[in-house]
């Protein structure tokens with residue numbers, strides 16, 4: 001299925017995909033490269049990043065694919081990446097915040113929740129969740145027994161806030177659910193391929209600037225209402241409470 005009927009990008013368009021040495025991030029970077037976009041692969045482990053770049057270049061030999069080390073949990077690493085991006089490429093047009101992690105197994109605790117919740121303006125709300133877990137009364141306070149789900153809720157709310165802040169600058173900010181994909185995060189047990197999971201992210205990134213939509217949560221190329229009980233196949237999260 002085509003990503004857009006309006007090809008607005010060229011080889012000078014820069015796309016950055018965090019955590020793109022494997023899984024869904026790798027597939028997003030691969031598709032960008034196939035579309036002729038200058039693609040920046042980032043990875044915590046530079047050797048894994050180099051291997052990913054080599055694979056993409058085999059698939060799209062005429063593409064410009066670059067690598068830079070990036071650990072989004074390390075402020076110094078982020079600062080180095082931003083400085084390189086500005087000095088060597090002059091900035092970016094597309095950013096896909098793909099990097100993330102999930103605890104394996106039945107892990108639920110205040111310290112672990114603190115690691116997963118870092119959404120700036122929503123920090124106070126996130127801290128309430130952490131404090132409630134530590135006090136043992138999170139359920140009574142209305143919080144779910146899910147650090148993963150709560151972190152995704154915070155991310156969706158932060159997406160809406162950031163979209164509001166950048167709307168007047170013509171920057172689109174959206175969040176999306178790839179569905180349950182066969183990646184390391186799902187222990188390769190998903191029902192969809194990583195390439196299928198990448199589709200909506202690429203479609204959003206390449207949509208025409210004339211078709212400006214921002215601040216939404218998407219799945220299977222459709223907006224997902226936070227109050228809807230109808231969800232796309234493989235959708236991971238329950239609807240938010242009214």
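All of the numbers you see were taken from the coordinates with simple rules; none came from a lab. A quick note: this is a predicted structure, and the numbers were derived from the prediction, not measured. FYI the Cβ positions are ideal-geometry reconstructions off the backbone, even for glycines, and counts take in every protein chain you see.
Here is how the numbers come out for the structure above:
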{"quantity": "All-pairs alpha carbon distance profile, region 1-100, 10 Å steps from 0, percent", "calculated": "17, 51, 28, 4"}
{"quantity": "Estimated FRET transfer efficiency (residue 4, residue 139; beta-carbon r; R0 35 Å; 0.05)", "calculated": "0.20"}
{"quantity": "Fewest-first ranking of 172, 1, using other Cβ atoms within 10 Å as the exposure measure", "calculated": "1, 172"}
{"quantity": "Potential lengthening between residue 124 and residue 79 on full extension [0.36 nm per residue; Cα-Cα distance subtracted]", "calculated": "13.7 nm"}
{"quantity": "Principal axes of region 114-216: Cα extent on each, largest first, Å", "calculated": "49, 39, 19"}
{"quantity": "Gain upon complete extension [residue 88, residue 12; 0.36 nm per residue less C-alpha separation]", "calculated": "26.1 nm"}
{"quantity": "Computed E for residue 97/residue 160 - FRET, C-beta separation, R0 25 angstrom, nearest 0.05", "calculated": "0.95"}
